[in-house]
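Chemist: Take this structure first; my questions come after.
The values are calculated or read from the model by the stated rules, or taken from the named source; none is laboratory data. From a predicted model like this one, the values you see are computed outputs, not experimental measurements. All Cβ positions, glycine included, derive from the backbone under ideal geometry; neighbour counts span all protein chains shown.
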Amino acid sequence: MSVLVIAEHDNHTLGAQTANVISAAAQIDSDIHVLVAGQNCRAVAEQIMAYEGVTRVLVADNHAYCNQLPEVISLLVMEIAGDHAAILSAASASGKNLMPRIAALLDVAQISDIISVESADTFVRPIYAGNALATVQSSDSVKIITVRTSAFESVAQNDSQAEIVDLDSIISQDLSEFVGESLSTTERPELNSASVVISGGRGLGSAENFQILENIADKLGAAIGASRAAVDAGYVGNELQVGQTGKIVAPNLYIAVGISGAIQHLAGMKDSKVIVAINNDPEAPIFQVADYGLVADLFEALPELETLL
Amino acid sequence: MKILVPVKRVVDANVKVRVAADQSGIDLSNVKMAMNPFCEIAVEEAVRLKEKGVADEVIAVTVGSEKCQEQLRTAMALGADRSIWVEADDDIEPLAIAKLLKALVEKESPDLVILGKQSIDGDNNQVGQMLGALCNMPQGTFAFNLKIENGRAIVSREVDGGEQVVSLSLPAIVTTDLRLNEPRYAKLPDIMKAKKKPLESLIPADLGVSVTKSLKVLNVREPEGRKAGVIVNSAEELLDKLRNEAKVIQ
């Protein structure tokens, strides 16, 4: 029986995390269908066709799906849910928003934020901010899953061409309305999928000082992140927050600057391959998880790094 | 306007949890418990709506073992008018909680249900959305701003790339994110007063809900810890290590 992946997209471009979700789905079943629901979103479907394992791309292209509101997308998914052994999405803001509605409508449990597929019905997921890992087995006929994408490689592309199937049903609702959004535009890689992330904490002292990180990020091709303390202090927007309640990242290189290393922050980055900490407090807990620590005043160390890069 | 605020009793956010030796779960013996931080934000938001005259009644609800009543008393000390305790095992699954809350929604007919976006124990982030689907109500999850205007809830939400605003017909579900507000502390006179506020006790059968489970926890283990690495002496040495030892930059 096939599995269904809900694609993450903005009607033009496929979100990078979807390739990681497909890779998790492939460990459950080799016959993978991907749903693209949106408006004028054909281009997204074409980006998915070549991913390994994807046999069918279901396209629901209608004004009703333009903003992908969960009240309507959950009902759309209900129409096709019966054909699938599992339905997966990224554990992103949109996946977290949508998937529990689908689970409730299907009267099944949701397994949130999985980091490993042990078998078609058994999964590993972090609990208590990643301080423990639970292995859970589901007895439901259809598994509703959100995937911590940093824990799965992205699936490769090949010459195969999945078929595109149009879904004609139009579901409308008047419970919720999209009013607007403001998304930060950046030339940098997505925080969730960047191979290098440089994050700043309260130690940076001001919004202006984040500029020092930007210069280094430019040279490394890195995404910029922040601790909750830096967000709470108003230095940067919440979309940059790395941690239990922000984004969970696992880049090849994570550089924590002026971050003490609260449990909540570590939950968001401790699976990074290499961790660097720069902090003037040698007792900061961040050094206990760092592969390389530099005890220094960041206002001296960062300009020096920038020059050397 | 009536607001229902479901809250959860969890391990205090400052406690470092330990995995039980037999890997059956988390060792909760002699551990400090508290109201889930996101639920505190939900109570605060509801109480502020009442203080502004937008709402006239705030009802706190919890589902769990007898000790969860402490968190209902806390919610009432913070300003909830009354509360409802539904007795259940503490490891009840999110869908079953949502079904119990649905029955309470039918009983109480609130205009708004405000919940924490996730509890810091299970980290599931499910109940609010599930309740929305079961009640066919719209949802504004991960809210950092909430306004009631012209009989609708205008919710500003944290999303991955920034912020989104949705307008919801009432009754609606709102789940709270950190920036929504800063919860107050309960004052001693309010804690005393809360002891006299009404607390109704129910069991799932009273609500016509049968509690079932579909997930089995096979084991709970500690993640592999990271070891502290080396301390370098200069930015130059750091770059040398990253280039030649870790090989993560060019």
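Chemist: Those residues that are more than 12 Å from chain B (Cβ to nearest Cβ) and modelled with pLDDT of 95 or more, I need them from the range A:177-201; list them, please.
Modeler: Result: A:Ser199, A:Gly200, A:Gly201.
Chemist: Sort through B:Ser167, B:Ser214, B:Ser210 and tell me the only one that's without any contact (Cβ under 8 Å) to a residue 60 or more places away in the chain and surrounded by 14 or more Cβ atoms within 10 Å (Cβ to Cβ). I'd like the intermediate steps shown before the answer.
Modeler: Details: B:Ser214 fails: without any contact (Cβ under 8 Å) to a residue 60 or more places away in the chain; B:Ser210 fails: surrounded by 14 or more Cβ atoms within 10 Å (Cβ to Cβ).
Selected residue: B:Ser167, the only one of B:Ser167, B:Ser214, B:Ser210 that is without any contact (Cβ under 8 Å) to a residue 60 or more places away in the chain and surrounded by 14 or more Cβ atoms within 10 Å (Cβ to Cβ).
Chemist: So A:Val44 ticks every box in (1) surrounded by fewer than 20 Cβ atoms within 10 Å (Cβ to Cβ); (2) under 17 Å from A:Leu167 (Cα atoms); (3) hydrophobic (A, V, I, L, M, F, W, C) but one. Which box is left unticked?
Modeler: It is condition (1) that A:Val44 fails.
Chemist: Then there is this: Would you confirm, using the coordinates I've provided, whether A:Asp174 is farther than 30 Å from B:Val165 by Cβ and part of a loop (DSSP other than H, G, I, E, B)?
Modeler: Values: farther than 30 Å from B:Val165 by Cβ: no; part of a loop (DSSP other than H, G, I, E, B): yes.
Considered against the rule, which asks whether it is farther than 30 Å from B:Val165 by Cβ and part of a loop (DSSP other than H, G, I, E, B), A:Asp174 comes out as no.
Chemist: Six or more apart or on different chains, Cβ under 6 Å: which pairs go from a residue in the range A:52-70 that's under 27 Å from A:Met1 (Cα atoms) to one that's assigned to a loop (DSSP other than H, G, I, E, B) and of a type in the set (Val, Ile, Thr)? Could you list them?
Modeler: That search, which allows pairs on different chains as well, returns A:Glu52/A:Val155.
Chemist: Within the range A:132-146, how many residues are at the interface with chain B (Cβ under 8 Å from one of its Cβ atoms) and either outside any strand (DSSP E or B) or not polar (S, T, N, Q) (or both)?
Modeler: The initial filter retains those residues of the range A:132-146 that are at the interface with chain B (Cβ under 8 Å from one of its Cβ atoms), namely A:132-140.
With either outside any strand (DSSP E or B) or not polar (S, T, N, Q) (or both) added as a condition, the list becomes A:132-134, A:136, A:139-140.
Number satisfying all stated conditions: 6.
Chemist: Scan the range B:154-164 and tell me whether some residue there is in contact (Cβ under 8 Å) with a residue 24 or more places away in the chain, within 13 Å of chain A (Cβ to nearest Cβ) and either outside any strand (DSSP E or B) or not charged (D, E, K, R) (or both). Talk me through it step by step, then tell me what you get.
Modeler: First pass over the range B:154-164, keeping only residues in contact (Cβ under 8 Å) with a residue 24 or more places away in the chain: none.
Within the range B:154-164, none of the residues are in contact (Cβ under 8 Å) with a residue 24 or more places away in the chain, within 13 Å of chain A (Cβ to nearest Cβ) and either outside any strand (DSSP E or B) or not charged (D, E, K, R) (or both).
One line per residue, one yes/no per condition, for (1) hydrophobic (A, V, I, L, M, F, W, C); (2) facing chain A (nearest Cβ under 8 Å); (3) out of contact with any helix residue (DSSP H, G or I) (no Cβ under 6 Å at 6 or more places or on another chain):
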{"residue": "B:Tyr185", "(1), (2), (3)": "no, no, yes"}
{"residue": "B:Lys197", "(1), (2), (3)": "no, no, no"}
{"residue": "B:Ser214", "(1), (2), (3)": "no, yes, yes"}
{"residue": "B:Gly225", "(1), (2), (3)": "no, no, yes"}
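Chemist: Could you check how many residues of the range A:14-43 are over 14 Å from the mean Cα position of the chain (by Cα) and closer than 24 Å to A:Asp113 by Cβ?
Modeler: Qualifying residue count, the range A:14-43: 12.
Chemist: If you don't mind, there's one more thing I want to ask. I'm trying to understand the selection: among the residues of the range A:20-34, which are surrounded by fewer than 24 Cβ atoms within 10 Å (Cβ to Cβ) and either part of a helix (DSSP H, G or I) or at pLDDT 95 or above (or both)?
Modeler: Correct list: A:Asn20, A:Ser23, A:Ala26, A:Gln27, A:Ile28, A:Asp29, A:Asp31, A:His33.
Chemist: A:Lys273 passes all but one of (1) closer than 16 Å to A:Gly203 by Cβ; (2) surrounded by fewer than 22 Cβ atoms within 10 Å (Cβ to Cβ); (3) in contact (Cβ under 8 Å) with a residue 12 or more places away in the chain; (4) of a type in the set (D, E, K, R); which number fails?
Modeler: Looking at each condition in turn, A:Lys273 falls short on (1).
Chemist: Which of (1) more than 30 Å from A:Gly237 (Cβ to Cβ); (2) surrounded by fewer than 24 Cβ atoms within 10 Å (Cβ to Cβ); (3) in contact with a Ser or Thr (Cβ under 7 Å, 6 or more places away or on another chain) is the odd one out, the single condition B:Asn145 does not satisfy?
Modeler: (1)
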